[in-house]
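Worksheet: the structure to be examined is printed underneath.
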Amino acid sequence: MTGSAEQWWRDAVIYQVYPRSWADSDGDGIGDLPGIASRLPHLAALGVDAIWLSPFYPSPQNDGGYDVAEYCDVDPLFGSLDDVDSLISTAHDLHLRVLVDIVPNHCSSEHAWFRAALAARAGSPERARFLFRDGKGADGAAPPNNWCSKFGGPAWTRLTEPDGRPGQWYLHLFDGTQPDFDWTNPEVHELMESVLRFWLDRGVDGCRIDVAHGLVKADGLPDTDPTLDQSVDPTSLAPMWDQPGVHDIFRRWRTITDAYAVEGRDADRILCAEAWVLPGDALARYVRPDELHQSFNFEYLMTPWLAVDQRATITRSLAQAATVGAPQTWVLSNHDVVRHASRLGFPQTSGLRLGSGIGADDPQPDPVVGLRRARAATTVMLALPGSAYLYQGEELGLPEATELPDDARQDPTWWRSGHTDKGRDGCRVPIPWDRDAASFGFGPGERTWLPQPHVYGELAVAQQSGVAGSTLALYAELLRLRRQLRLGRGTLTWADGFPDDVLAFEIASPEGGDTYVLANLGDAPQPIADGMTVLVSSGGLDSGQVPTDVAVWMRRTG
């Protein structure tokens, strides 16, 4: 790793690895830590700065590992603590930093604390670690409030007490096997701070914080307003999200990570929030100088591929981050959303939208349009000042697996929604490495925990490596130029004189000079100005013009 003191995270490109789906070393059809370590040279060659590992802790896997039964160990499904140490060492040797997932809002119902709570009486210290409440009505048969689970259905489950009587209810904002912690209890703070220190002591370079905006609930757990539209209304209006107390937690966590930084070296340990928070100025509070280093910009992810919307979101996002002196963090795909190579293959309409999973009986995206737009969108994103996150397989142009058989689905969203939401399995299908190998090179055998679409073989790493114009080649060139031109450290100025359906801006960086970006989101080809040299293009040019859904980076000649 480099020895500068430039706060590496301010312009880092961080690559998310979903362990179940990256590489399988033992042939059981599920990815694992040795498999990840063996494939890290791919990421070093790609040119990313760090990897973020989704959970690999002991878990019943009811929610892909985000239901943690033990925070300071490794599920045998993925390997061992020795395998973690080996992976971190291998990554560092390749000049890759390593972030791990921390899941502090909830644990698994198999966690020792929750098992103790089930065995204890109402009002006991064991239950005080979670949000147990008596039900409403004379017999307590109604949930304590009207909150709903993010996975569908009520956010409360009623216990059968040890003596067989119907008992209290416990809160779970996600699956019923993921009970929420009560963050008013000092024991919860102590547990999570010890977890943070455990992994920092082991050598990780930072943590992504799951559901960072959900740890603190409004006093009294009041009913939520059922008319709230969480895609547009301020998130904090919902009593379970973005409550002021979360910021005290993260100030404390920042003091912990700061204590691990090595003065005079670029050795900051960082914290990144998964916080689905609107408006953007509320999200910016998470990255104030004494709180977290980064927070995902989900407003950008949800912005349609329309120039007016893109321009507004980018402008607003940069301004909001600047108010607290933080870099903005950009992302287009992750393990919870439809891959952008498919999401952008649908007709685009104004307004923030996320959408749900896609099944074989749903309207299908246009794969050609989707990939063309995805390549252009990534070309725009990687030019923007700040940090960026990539999701595994997007450098291959992988589409969503939209035709998974229903009997293969494992996401709890599918089950809790009564089979009305296809869930997130479609973006979690194992990665293809070699078209001509078993399981497309994912593992030594044919088994994969989710079936791989046939098209994944043609998009495998081996089939794209060294191929000019491939999506893999595009990503590698974008990352090389981004680093060389110091675009992540630059400042953005919008260019005048272009149609409303064109994105055109200049990035001025202190060491990299001026880079010009033009993305054509309209129907008419856009000419390249005289005196400009194209450095990289997301697609082919047409007689010196930029066609629809193509983005270019340019420099002025001479």
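Excluding residues fewer than 8 places away in the same chain, name every one of the lysines whose C-alpha is closer than 21 Å to that of Lys217.
Lys136, Lys150
Among Arg483, Arg375, what's the order by accessible area (1.4 angstrom probe), most exposed first?
Working: Arg483 135, Arg375 35 Å².
Ranked list, largest accessible area first: Arg483, Arg375.
Determine the relative contact order of the chain: mean sequence separation of Cα pairs under 8 Å and six or more apart, normalised by residue count, in whole percent.
13 percent
Straight-line reach from Lys422: which aspartates and glutamates have a Cα under 16 Å away, not including same-chain ones fewer than 8 places off?
Reachable aspartates and glutamates: Asp63, Asp175, Asp336, Asp361, Asp362, Glu400, Glu403, Asp406, Asp407, Asp411.
Could you order Phe114, Phe198 so the one with the most accessible surface comes first? Probe is 1.4 Å.
The residues order as Phe198, Phe114, largest area first.
Amide H of Gln168 versus every other amide H placed in the peptide plane: which residues, excluding those fewer than 5 positions away on the same chain, fall under 5 Å?
Leu159
Tell me which GluC sites (Glu not before Pro) from the stretch 348-442 have a DSSP coil assignment and no more than 16 other beta carbons within 10 Å of their own.
Answer in residue order: Glu403.
Computed from these coordinates, which is Cα extents along the principal axes in Å: (1) 64, 60, 48; (2) 64, 63, 46; (3) 81, 53, 52?
This structure yields the entry labelled (3).
If you restrict to DSSP beta bridges whose two residues both lie in the chain, what percentage is antiparallel, to the nearest 5? All intermediate terms of the calculation are to be shown ahead of the outcome.
On the way: 35 of 60 bridges.
Roughly 60 percent of the beta bridges in the chain run antiparallel, per DSSP.
Which of the trypsin sites (Lys or Arg not before Pro) found in the stretch 285-324 are loop residues per DSSP with 15 or fewer other Cβ atoms within 10 Å of their Cβ?
Loop-located and lightly packed - none at all.
Leaving ligands, DNA and RNA out of it, report the carbon-plus-sulfur percent of the accessible area of the chain at a 1.4 Å probe.
52 percent
For Ile270, what residues show an amide H to amide H distance below 5 Å, using hydrogens built from the backbone and excluding near sequence neighbours?
Amide H neighbours of Ile270, under 5 Å, 5+ apart: Gly206, Cys207.
Would you mind working out the accessible area per residue for the chain, using a 1.4 Å probe, and quoting it in Å²?
On a per-residue basis, 37 Å².
Restricting to DSSP H runs of at least four residues, report the calculated mean residue ellipticity at 222 nm for the chain, -39500 (n - 2.57) per run over all residues, nearest 500 deg cm²/dmol.
-7000 deg cm²/dmol
Quick one: which residues, 5+ away or cross-chain, put their amide H under 5 Å from the amide H of Trp52? H built at 1.01 Å from N.
Tyr15, Gln16, Val17, Leu99
Compute the signed sum of charges (Lys and Arg +1, Asp and Glu -1) over the other residues within less than 11 Å, Cβ to Cβ, of Ala120.
After counting each charged neighbour, the total is +2.
The values are calculated or read from the model by the stated rules, or taken from the named source; none is laboratory data. Everything numeric here is computed off the predicted structure, so don't read it as measured data. Don't worry about glycine lacking a Cβ; one is built from the backbone with ideal geometry, like all the others, and counts go over all protein chains shown. Just so you know, the surface numbers come from the protein's heavy atoms only, side chains and all, with ligands and any DNA or RNA stripped out. Shrake-Rupley method; radii C 1.70, N 1.55, O 1.52, S 1.80 Å.
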